[in-house]
Structure formats: C-alpha cells, structure tokens
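The values are calculated or read from the model by the stated rules, or taken from the named source; none is laboratory data. Computed from a predicted structure; not experimentally measured. With ideal geometry, Cβ positions are generated from the backbone for all residues, glycine too; neighbour counts draw on all protein chains shown.
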Amino acid sequence: MSKVMKRLLVCLVVFGLVGVVSAFAQEKAKPQVISVSGEVVSVDLVKSEVVVKHLKDAVTKTYENITFSVAPETKITKGDATLKLSDLKAGDNVTVNYTTDVSGKQKVESIVVKVKEVTPVK
C-alpha cells in the first residue's frame, strides 16, 4: 500500500509542477507604451487615421509625420471630456500613447488633446 501511495504522491507532484510551469509560460510580457507628442496634421475619418507631426531630433530640429490608425476602442480625451475622432482638428497639440506588437503594428491606446491655456486680458 505504501508503494501505491508513494507513486500517487510523485504523480501529483509532477503534474503540479507541469501545471505551474505551463501557467508561467502562458503569461505574456506586457507591451511597453510609447508616447509621441506633436501637432495634428490631418484626420481621415474614412480610414480612421490621424497624422501627427512630432520633433524627431531636437539637435537638428527635424520633424517627422507619423500616421496612426485609430481603433473604435481608442480613448480620446481633452481635459475631462471624452472626444471622438471627428473632434480632432489640424493644429491640435496631442500626445498619442501606443504599443507595438512583435510584427511592428501599432495599437493606439489613447490620444490626449492638450488644453490651451488662456491668459486673462488686463
């Protein structure tokens, strides 16, 4: 009887370890969020895209346009207000937060429109 119990215990330990190892193997690394700040150049509502001009190199003052595909679940905000893609306009200053998958495809998590500060007139 003790041999059967020992074998059963060994089997339980082995299957337990296999389960733990496979659970760790299934966990995916969380993608790093990348932020780009710049000015909206254009918005294409048909393609659900926004083009943002950002400072690529501060030393040479080189700018670059990046086209972002905006998914329906992308959060677009300005202050406390939630916006739609159609609310974005050329000239808006924005910060685009996105991730890139292993194939290089971007997924826009959020677009934050900067609120313009108004200076009071004296």
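Looking only at residues in the stretch 55-73 that are under 23 Å from S103 (Cα atoms) and not β-branched (V, I, T), the one that is surrounded by the most Cβ atoms within 10 Å (Cβ to Cβ) is F68.
Determine whether I76 is closer than 17 Å to T100 by Cα, hydrophobic (A, V, I, L, M, F, W, C) and out of contact with any Phe, Trp or Tyr (no Cβ under 8 Å at 6 or more places or on another chain). It is false that I76 is closer than 17 Å to T100 by Cα, hydrophobic (A, V, I, L, M, F, W, C) and out of contact with any Phe, Trp or Tyr (no Cβ under 8 Å at 6 or more places or on another chain). The set of residues in the stretch 56-87 that are aliphatic (A, V, I, L, M) and either under 14 Å from V112 (Cα atoms) or without any contact (Cβ under 8 Å) to a residue 24 or more places away in the chain (or both) comprises A58, V59, V70, I76, A81, L83, L85. The set of residues in the stretch 58-91 being hydrophobic (A, V, I, L, M, F, W, C) and either closer than 14 Å to I34 by Cβ or touching a strand residue (DSSP E or B) at 6+ places or on another chain (Cβ under 6 Å) (or both) consists of I66, F68, V70, I76, L83, L88, A90.
T99 meets all of the listed conditions (1) of a type in the set (V, I, T); (2) closer than 19 Å to L45 by Cα; (3) in contact (Cβ under 8 Å) with a residue 12 or more places away in the chain but one, namely (2). Restricting the stretch 1-53 to residues that are polar (S, T, N, Q) and at pLDDT 70 or above, the residue that is farthest from the chain's Cα centre (by Cα) is S42. Note on the stretch 65-93: residues that are within 19 Å of K47 (Cα to Cα), in a strand (DSSP E or B) and not aromatic (F, W, Y) amount to 6. Applying the criterion of being of a type in the set (G, A, S) and closer than 20 Å to S35 by Cβ to the residues of the stretch 92-118, the residue that is modelled with the highest pLDDT is S110. The set of residues in the stretch 38-53 being touching a residue at least 12 places away in the same chain (Cβ under 8 Å), of a type outside the set (V, I, T), out of contact with any Lys or Arg (no Cβ under 8 Å at 6 or more places or on another chain) and surrounded by 12 or more Cβ atoms within 10 Å (Cβ to Cβ) consists of S42, L45, S48, E49, K53.
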